[in-house]
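Presented below is the structure to which this report refers.
The values are calculated or read from the model by the stated rules, or taken from the named source; none is laboratory data. Bear in mind that the values here come from a model prediction, so they are computed numbers and not experimental data. All Cβ positions, glycine included, derive from the backbone under ideal geometry; neighbour counts span all protein chains shown. Side chains included, ligands, DNA and RNA excluded: accessible areas come from the protein's heavy atoms. Shrake-Rupley method; radii C 1.70, N 1.55, O 1.52, S 1.80 Å.
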Amino acid sequence: MKQYLGLLQDILDNGVQKGDRTGTGTLSVFGRQYRHDLADGFPLLTTKKLHLKSIINELIWFLRGDTNTRWLKENGVSIWDEWATESGDLGPIYGAQWTAWPTREGGKINQIDYVVDCLRNNPDSRRILFHGWNVEYLPDEQASPQENAAAGRMALPPCHLLYQFYVAGGRLSAQLYIRSSDSFLGLPYNTASLAVLTMMLAQQCDLEPGEIIISTGDSHLYSNHLEQVREQLARKPRSLPRLNITRKPDSIYDYRFEDFELLNYDPHPHIAAPVAV
Ligand SMILES: Nc1nc(=O)c2c([nH]1)NC[C@@H]1CN(c3ccc(C(=O)N[C@@H](CCC(=O)O)C(=O)O)cc3)CN21
Ligand SMILES: O=c1ccn([C@H]2C[C@H](O)[C@@H](COP(=O)(O)O)O2)c(=O)[nH]1
């Protein structure tokens with residue numbers, strides 16, 4: 001993923017010092033894009049070891065429509081703990097908006113069903129997308145994530161918020177807009193997650209995985225990640241692993257972590273970094 005490392009270097013070279021909500025401080029650039037053809041391998045970083053289980057289980061959790069950390073914890077994932085209430089609640093974040101967008105009449109719209117239906121029945125459509133930015137449920141900026149969740153608002157507003165799909169020549173491509181991107185910790189997760197989602201949708205809709213495109217708004221490095229970034233940039237990227245799906249589940253909602261097989265992943269060691277809350 002040379003383009004990812006290029007983005008890190010770009011932020012180091014061109015980033016402007018900005019304060020941020022968490023009080024940590026960032027170097028930031030605005031508006032960047034990179035792309036990866038899934039035929040060239042699975043985009044999991046090789047310049048530091050990533051925990052694919054957290055990434056896949058988080059995606060399965062979104063698709064369950066789940067917004068409580070209980071299921072994540074039961075499945076060995078702790079990346080959402082800092083924002084949840086004592087009972088694990090995060091308010092109507094990603095999973096709720098993806099699968100149960102609330103309607104005026106008190107009903108729910110499943111945006112994922114819509115995408116699957118379009119890919120199968122209207123693949124030339126230019127409207128194959130789903131969106132997480134439900135303005136009515138955004139957090140109150142004066143309150144903590146836990147207070148927001150307890151009040152029925154999102155603990156955090158979505159960062160990866162607009163997913164658009166495109167079919168040509170039997171291949172499925174996907175573009176994701178990330179309004180705010182923690183480029184050392186969050187972006188590697190968001191990239192691999194988009195790749196897995198694209199592979200799942202392609203399998204369900206009898207398409208081949210195509211390209212993924214990541215477009216980022218505020219693309220930042222937290223001030224307490226800079227040492228780690230330099231260490232990563234000093235490492236030589238290795239060849240990408242492959243990810244196989246070993247079974248065709250009945251629907252997009254029936255994938256399990258055990259259905260994925262990661263081959264030839266030979267990364268440099270993990271680099272720990274504190275997450276800004
Ligand atoms: N500041 C910030 N960055 C994020 O990327 C982020 C948030 N907040 N809040 C909501 C979610 C949670 N996400 C997270 C949270 C933590 C890690 C993290 O600490 N990753 C470690 C490994 C931790 C583990 O696997 O248990 C890493 O080294 O990648 C990654 C993504 C992505 N999001
Ligand atoms: O999937 C995700 C979720 C979150 N992030 C990062 C981006 C920011 O650093 C924080 C969110 O803070 P805001 O003040 O709401 O922008 O989390 C990410 O990169 N990817």
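Per residue, what volume in Å³ does the convex hull of the Cα atoms of the chain enclose?
Each residue corresponds to 131 Å³ of Cα convex hull volume.
Give me the extension gain from Asn244 to Lys49: residue separation times 0.36 nm, minus the current Cα-Cα distance, reported in nm with one decimal.
My answer for the length gained is 68.3 nm.
As a test of the formula, what do you get for the chain when each DSSP H run with n ≥ 4 contributes -39,500 (n - 2.57) and the sum is divided by the residue count, at 222 nm and rounded to the nearest 500 deg cm²/dmol? Provide the component values of the computation, followed by the final result.
On the way: 8 runs with 81 residues, N = 277.
Helix contribution divided over all residues of the chain: -8500 deg cm²/dmol.
Please give the length that would be gained between Arg126 and Ser78 if that part of the chain were fully extended, namely 0.36 nm times their separation in residues minus their C-alpha to C-alpha distance (nm, one decimal). The partial results should precede the final answer.
On the way: separation 48, 0.36 × 48 = 17.28 nm, distance 3.66 nm.
Roughly 13.6 nm would be gained on extension.
Between Arg104 and Leu233, how many nm apart are label points set 7 Å from Cα along the C-beta direction?
5.2
Sort Cys159, Cys205 by heavy-atom solvent-accessible area, probe 1.4 angstrom, most to least.
Result of the area sort, largest leading: Cys159, Cys205.
How much of the accessible area of the chain, in percent, comes from carbon and sulfur atoms when a 1.4 Å probe is used?
In the chain, the share of accessible area belonging to carbon and sulfur is 47 percent.
Show Glu231, Glu211 ordered by accessible area, largest first, where the area counts protein heavy atoms only and the probe is 1.4 Å.
Order by accessible area, largest first: Glu231, Glu211.
Keeping all protein chains in place and using 1.4 angstrom, which order do Glu227, Glu141 fall into by accessible surface area, from largest down? The partial results should precede the final answer.
Details: Glu227 130, Glu141 155 Å².
Result of the area sort, largest leading: Glu141, Glu227.
Could you run the Karplus curve 6.51 cos²θ - 1.76 cosθ + 1.60 with θ = phi - 60° over segment 64-77 and give me ³J(HN,Hα) per residue in whole Hz, x for Gly and Pro?
Computed from phi, the couplings for segment 64-77 are 5, x, 7, 10, 10, 6, 3, 4, 4, 4, 4, 10, x, 10 Hz.
Report His36's accessible area, 1.4 Å probe, all protein chains in place, as a number in Å² to the nearest 10.
So the heavy atoms of His36 present about 20 Å² to solvent.
Apply the membrane-span-like helix rule to the chain: whole DSSP H runs, Cα extent along the own long axis of at least 20 Å, mean Kyte-Doolittle hydropathy at least 0.5. List the helices found.
186-204
Accessible area per residue of segment 1-263 at 1.4 Å probe, in Å²?
I get 47 Å² per residue for this part.
A 23 angstrom limit on the alpha carbon distance is what I want to check against. Which of Lys2/Lys73; Lys18/Lys73; Lys2/Lys48; Lys73/Lys236; Lys108/Lys248 exceed it?
Lys2/Lys73; Lys18/Lys73; Lys73/Lys236; Lys108/Lys248
Treating the beta-carbon of each Lys and Arg as +1 and of each Asp and Glu as -1, no other charges, what is the dipole magnitude of the chain about its Cα centre, to the nearest 20 debye?
It comes to approximately 600 debye.
What trypsin sites (Lys or Arg not before Pro) in segment 113-178 are in a loop by DSSP, with at most 12 other Cβ atoms within 10 Å of the Cβ?
Answer by residue number: Arg126, Arg127.
How are the alpha carbon pair distances in segment 71-157 distributed across 10 Å bins from zero to the largest one, expressed in percent?
It works out to 17, 37, 31, 14, 1, in whole percents.
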